[in-house]
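Chemist: Please find one structure pasted underneath; my questions will follow.
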């Protein structure tokens, strides 16, 4: 890692507080939109759905304001969206009602998922895994095993460890950890490749990144494209 890159301190990230006051960390600038509130599904997820790799009952874990869940429900899937933040869940419910789609949203701990055993055929996990502390990851993966049926599919987008990932990722993940976690007796990896996560490019965030020497790629609409690992794994 470069010394010019200021590290995001994971213990300071409080997502419930972020949803309430639209700041990323205490004392930082108030944002019009949080970086992950893009108001639409991630393009990577759209491609997975178009190619027929989403099926059955769907869990959107770490659903946030509901971008993935609402998109999939509008496509005809039965979707449950779970998040630790009550404020995020309420926002998601309001959006679903406005868009007239049916999604079951609830507050839940991603390391437990009690009450959802054996329910899901597809799990969508967009920008959650890298928010978990190392000690939380195994309980989370164990919980995913409990709530999925044999043959279920996990579609997961996780910030990749790069020279500048400390500027935007609570815990950036490397390829070896993903292989060790999901090439197991419980999971079989189908896809593990680099990709991009679309994120809101506010002037405040771009200025902060520039100070650390990081200048993210932007798409045609001016959104940031941040490096991720795209993982597709099947439950054995």
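The values are calculated or read from the model by the stated rules, or taken from the named source; none is laboratory data. Quick caveat: nothing in here was measured; it's all calculated off a predicted structure. Virtual Cβ from ideal backbone geometry, glycine too; neighbours counted across all protein chains shown.
Chemist: Suppose the filter is over 22 Å from residue 109 (Cα atoms), in a loop (DSSP other than H, G, I, E, B) and in contact with a helix residue (DSSP H, G or I) (Cβ under 6 Å, 6 or more places away or on another chain); does residue 209 pass it? Explain how you work it out, then say what you get.
Modeler: On the way: over 22 Å from residue 109 (Cα atoms): yes; in a loop (DSSP other than H, G, I, E, B): no; in contact with a helix residue (DSSP H, G or I) (Cβ under 6 Å, 6 or more places away or on another chain): yes.
So residue 209 does not fit the description; no.
Chemist: While we're looking at this one, here's another question. Does residue 196 qualify as being farther than 23 Å from residue 40 by Cα, surrounded by fewer than 21 Cβ atoms within 10 Å (Cβ to Cβ) and out of contact with any helix residue (DSSP H, G or I) (no Cβ under 7 Å at 6 or more places or on another chain)? Explain how you work it out, then say what you get.
Modeler: On the way: farther than 23 Å from residue 40 by Cα: no; surrounded by fewer than 21 Cβ atoms within 10 Å (Cβ to Cβ): yes; out of contact with any helix residue (DSSP H, G or I) (no Cβ under 7 Å at 6 or more places or on another chain): yes.
Judged against the criteria, residue 196 is not a match.
Chemist: Out of the residues in segment 34-77 meeting the condition of being on the phi > 0 side of the Ramachandran plot and touching a residue at least 12 places away in the same chain (Cβ under 8 Å), tell me which one is surrounded by the most Cβ atoms within 10 Å (Cβ to Cβ). Steps first, please.
Modeler: Our first condition is that a residue be on the phi > 0 side of the Ramachandran plot; within segment 34-77, this holds for 39, 52, 56, 62, 64, 66, 76.
Checking which are touching a residue at least 12 places away in the same chain (Cβ under 8 Å) leaves us with 39, 56, 62, 64, 66.
Numbers: 39: 11, 56: 15, 62: 24, 64: 23, 66: 26.
The selected residue is 66.
Chemist: Given (1) surrounded by fewer than 22 Cβ atoms within 10 Å (Cβ to Cβ); (2) closer than 25 Å to residue 228 by Cα; (3) in contact with a strand residue (DSSP E or B) (Cβ under 7 Å, 6 or more places away or on another chain), where does residue 111 come up short, assuming only one miss?
Modeler: That leaves (3) as the condition not met.
Chemist: Looking at (1) closer than 20 Å to residue 42 by Cβ; (2) at pLDDT below 95; (3) surrounded by fewer than 19 Cβ atoms within 10 Å (Cβ to Cβ), can you tell me which one residue 204 breaks?
Modeler: (1)
Chemist: Considering only segment 173-191, state which residues are over 16 Å from the mean Cα position of the chain (by Cα) and assigned to a strand (DSSP E or B).
Modeler: Residues satisfying the conditions are 187, 188, 189, 190, 191.
Chemist: Okay, moving on. Evaluate the following for residue 139: is it assigned to a strand (DSSP E or B) and surrounded by fewer than 18 Cβ atoms within 10 Å (Cβ to Cβ)?
Modeler: Working: assigned to a strand (DSSP E or B): no; surrounded by fewer than 18 Cβ atoms within 10 Å (Cβ to Cβ): yes.
The answer is no for residue 139.
Rundown of residues vs (1) within 24 Å of residue 114 (Cα to Cα); (2) surrounded by 17 or more Cβ atoms within 10 Å (Cβ to Cβ); (3) touching a residue at least 60 places away in the same chain (Cβ under 8 Å), yes/no style:
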position	(1), (2), (3)
167	no, yes, yes
176	no, no, no
191	no, no, no
224	no, yes, yes
229	no, yes, yes
236	yes, no, yes
